[in-house]
Amino acid sequence: MSKPLIALLTNNDDDVYCFRKELIEGLLAEGYEMLISCPNGPKFELMKDIPYIYDDPVIDRRGTSVVADGKLFLHYRKLFKKYKPAVVLTYTAKPNVYASVAARTLGIPYINNVTGIGSVVNMTGVKKAFILWLFKLAYRGAACVMFQNATNMQLALDSGMVKGDFKLIPGSGVDLKRYPIQPYPDGGDGKTGDTVVFNYIGRVLHDKGVDDYIEAAKRIKKNYPNTEFNMLGFIEPTEIHYEKELAELGKQGIVNYRGSQKDVKPWIARAHAIIHPSTYGEGMSNVLLENASSGRFLITTDNPGCQETVVNGESGFIYHGGDVDALVDRIEEFLKLDNETRKNMGLAGRKHVEDNFSREIVVEAYKEKIKNVLNKNGEI
């Protein structure tokens, strides 16, 4: 006899394949059936060998239309009525809110994952208050709320968002096998020797610090011509002005926009460091975890969800988010290191994620919580 159906809901195929695949496989191995609700995208092509029921919802991720969000809530309610999941797992803002409320109206237990308070952190006034109220509405009825960093957890507890069970997990964790240590490339000092390569990997979004990255690249390239600055990731539809700017920067040889990549590993392999200048409300930066797992030096901000991934001065550098002068200083500091030191600091980063951020930790936490919920409901 098969075990109950677990529903997993999120807003992007990247989120499913890059961050939840091992969880899905782990739950299937336990005998559960899986329902995945997520807008279709190319990453599902890479999951053809995994058995699951698929649902393709319409989610306007960054939109504020009450009508669109109302339709999403009704879609989730209809979906849950049809498949009757035993437990619902929600990720990202809109599934966290609307799927949770839909599940609660039907008496279905749900586990939220706070993948970051997102751009809400930088909002003010009525809009911020309303969105935080929506989160409160969702999280207060949860069987468990999983937090990816301690700052978000404290904010949620202080504002009364959480009433019941909660747990701190190490982000989405990183699959250490999928991101093995990559051989470290030769590199000079930015003026002589082999070109030193920096990557930005992530959505092209102001709050992710792309303007700071661009400004830092402009300043560094003037004095250190033997450097290469790449940018990988899709441009948010709400910030399409970056298309023109990045095309111009590419012509000038300052920043090379590489678009959205199915596999970032070859780009990580040829780089010496990742720069993640985020001031966004991160959960835990997967980009930083993946680069550290690959043995790459990290340069990032003191933003919650970023700083935890680095041992400052040992596996990378941390600077105050939004301070471009400080970012430039850190890049120059990195360029002054000999290449062997860079390599060894990258290996220290690998050790840090092995000890603290393995995806196995996250998968086991979910298995345990799901078992507890089902036991409580008498389903297993």
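The values are calculated or read from the model by the stated rules, or taken from the named source; none is laboratory data. All values derive from a computational prediction rather than experimental measurement. We place every Cβ from the backbone using ideal geometry, glycine too, and count neighbours over all the protein chains shown. For accessibility, only protein heavy atoms count, side chains too; no ligands or nucleic acids. Shrake-Rupley method; radii C 1.70, N 1.55, O 1.52, S 1.80 Å.
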request  = Calculate what fraction, in whole %, of the accessible area of the chain sits on carbon and sulfur atoms when a 1.4 Å probe is rolled over the protein chains.
outcome  = 53
message = Students often check this: by mean Cβ neighbours within 10 Å, which of 70-77, 106-113 ranks highest, and how do the rest follow?
response = 106-113, 70-77
query = Taking all pairs of different Cα atoms in segment 33-138, averaging 1/r and flipping that mean, what Kirkwood radius in angstroms comes out?
reply = 14.8
note = Of the listed pairs Lys71/Lys94; Lys48/Lys71; Lys43/Lys265; Lys3/Lys81; Lys21/Lys369; Lys71/Lys369, those with alpha carbons more than 20 Å apart are Lys48/Lys71; Lys71/Lys369
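Mind checking the full-extension length gain between Lys48 and Ala150? Use 0.36 nm per residue of separation minus the Cα-Cα distance, one decimal, nm.
Net length gain for the segment: 33.2 nm.
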message = Sort 157-167, 287-297, 338-348 by the packing proxy (mean of other Cβ within 10 Å over each peptide's residues), most packed first.
response = 287-297, 338-348, 157-167
message = Could you check the spin-label model distance between Thr195 and Lys222? Points 7 Å from the Cα along Cα→Cβ, value in nm.
response = 2.2
inquiry  = List the aspartates and glutamates whose Cα sits under 13 Å from the Cα of Lys262, skipping any in the same chain fewer than 8 residues away.
reply    = Asp13, Asp14, Asp15, Glu45
Nonlocal amide H pairs with Leu5, under 5 Å, H built at 1.01 Å = Glu33, Ala86
request  = Please report how far the C-alpha centroid of segment 225-297 lies from that of segment 132-151, rounded to the nearest whole angstrom.
outcome  = 30
inquiry  = Run the reach check for Lys367 against aspartates and glutamates, Cα to Cα strictly under 18 Å, same-chain hits fewer than 8 apart removed. What comes back?
reply    = Glu22, Glu25, Glu30, Glu33, Asp165, Asp175, Glu379
message = Taking every pair of distinct Cα atoms and averaging 1/r, then inverting, what Kirkwood hydrodynamic radius in Å comes out for segment 170-218?
response = 14.0
note = With x for Gly and Pro, the residue-by-residue ³J(HN,Hα) of segment 6-17, computed from phi through the Karplus equation 6.51 cos²θ - 1.76 cosθ + 1.60 at θ = phi - 60° and given in whole Hz, is 10, 9, 10, 10, 8, 10, 8, 5, 4, 4, 5, 6
query = Which aspartates and glutamates does Lys167 reach when only Cα atoms under 14 Å apart count, and residues fewer than 8 places away in its own chain are ignored?
reply = Glu364, Glu368
ask   = Distance from the Cα centre of segment 339-370 to that of segment 30-54, in angstrom?
value = 25
request  = Could you sort 6-14, 314-322, 38-46 so that the peptide with the highest average Cβ count within 10 Å comes first and the rest follow in order?
outcome  = 6-14, 314-322, 38-46
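Loop only by DSSP, 11 or fewer other Cβ within 10 Å of the Cβ. Give me the trypsin sites (Lys or Arg not before Pro) in segment 245-282 that pass, ordered by residue number.
Lys262
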request  = Grab the DSSP H runs of the chain that are 4 residues or longer, score each as -39,500 (n - 2.57), total them, divide by all residues and round the 222 nm result to the nearest 500 deg cm²/dmol.
outcome  = -12000 deg cm²/dmol
